[in-house]
Amino acid sequence: MADEFVLYGYFRSSAAFRARIALNLKGIKPELRFIHLLKDGGQQHTPDYKALNPQELIPALVHDGHTITQSLAIIEYLDEIVPEPPLLPRDALGRERVREIAYAIACDIHPVNNLRVNQYLKRVFHADGAAQIAWQRHWIATGFAALETMLARSGVRGAYCYGDTPTLADICLIPQMANARRVELDLAPYPTLRRIEETALGLPAFDAALPKNQPDAE
């Protein structure tokens, strides 16, 4: 396996946060390149970065000259090239359960709350800061209510979303918990999510990936 990794990210991006956790769990230390999503009109829109990722989103991972975009694709790629520790269960039903939780976050909660959505709300619908935060709280709370029920009644939940080792599901959950705290969402209704978060943040791989611990943190 070649060992030349470059990660393009931004400290506050939850998608980049996911990639950082996965890299840490796999023991991979990439070269970090920072794409500030607000400066210069958004550095993700520059011609150089757009040539790397036409979606103009982060993260992007370059491994041995090959570019991989989309955080979930990056994480599963890392899991294939560095099998230990596994981020998905060995059995098909277990993998489905983990992906179910991960996709509920990465496909349903996160996309309607990210920066470009908030910028569109402001630009087109003239939503001020308070309205944007109310929007984010609503959709995070809606998603978290379902996740709390799914995990609380799960027969396979352990210390983490699935069993007693972190998986793709936890890698998606912890950044979304950080987003919820950033908009000051009341997390009291989600005791299962909070317990999993506390356990995960006790691991260096998760703690080191926190936005506040990044070199480009503001």
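What FRET efficiency comes out for Lys50 versus Arg194 if R0 is 41 angstrom and r is the Cβ-Cβ distance? Round to the nearest 0.05.
Working: r = 39 Å, r/R0 = 0.95.
For Lys50 and Arg194, the calculated efficiency is 0.60.
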**Item:** Burial order of peptide ranges 40-51, 90-101 (average beta-carbon count within 10 Å, highest first)
**Value:** 90-101, 40-51
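Out of all DSSP beta bridges in the range 5-85, what portion is antiparallel? Express it as a percent rounded to 5. Let's see the in-between values first.
Details: 8 of 12 bridges.
Here the share of antiparallel DSSP bridges comes out near 65 percent.
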**Message:** Among Pro204, Ala152, Phe5, which residue has its Cα furthest toward the positive end of the charge dipole of the chain, with +1 on Lys/Arg Cβ and -1 on Asp/Glu Cβ?
**Reply:** Ala152
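Taking R0 as 35 Å, what FRET efficiency do you get between His66 and Arg137 from their Cβ-Cβ distance, rounded to the nearest 0.05?
0.35
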**Complete:** The long-range amide H neighbours of Tyr160, using H built 1.01 Å from N in the peptide plane and a cut-off of under 5 Å, are Thr165
**Message:** Order 174-186, 154-166 from most to least packed using the mean count of other Cβ atoms within 10 Å.
**Reply:** 174-186, 154-166
**Prompt:** Where is the GNM fluctuation largest for the chain (alpha-carbon springs, 10 angstrom cutoff): Ala146, Ala200, Ala130?
**Reply:** Ala130
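Under the classification rounded if a/c is under 1.5, otherwise prolate if a/b is larger than b/c and oblate if not, where does the range 17-144 fall, given a ≥ b ≥ c as square roots of the Cα gyration tensor eigenvalues? Kindly include the intermediate steps, with their values, before the conclusion.
Working: a/c = 2.70, a/b = 1.29, b/c = 2.09.
It comes out oblate by the Cα gyration axes.
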**Asked** Which of the lysines could a cross-linker bridge to Lys122, judged by Cα under 27 Å and excluding same-chain residues fewer than eight apart?
**Response** Lys39, Lys50, Lys212
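Rounded, prolate or oblate: which one fits the chain, using the alpha carbon gyration tensor with axes a ≥ b ≥ c (rounded when a/c is under 1.5, else prolate when a/b beats b/c, else oblate)?
Details: a/c = 1.81, a/b = 1.06, b/c = 1.71.
It is oblate, given that a/c is not under 1.5 and a/b is not larger than b/c.
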**Request:** Hey, for a label at Leu32 modelled as a point 7 Å past Cα toward Cβ, could you say which residues of the range 178-218 have their backbone N under 11 Å away?
**Result:** 208-218
**Message:** With +1 assigned to the C-beta of every Lys and Arg and -1 to the C-beta of every Asp and Glu, and no other charges, what is the dipole magnitude of the chain about the Cα centre in debye, to the nearest 20?
**Reply:** 560 debye
**Glu100-Ser154 pseudo-label distance in nm [points 7 Å out on the Cα-to-Cβ vector]** = 0.9 nm
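No value in this document is a laboratory result; all are computed from the given coordinates. All values reported here derive from a predicted model rather than from experimental measurement. Counting neighbours? That spans all protein chains shown, and the Cβs are built from the backbone with ideal geometry, glycine included.
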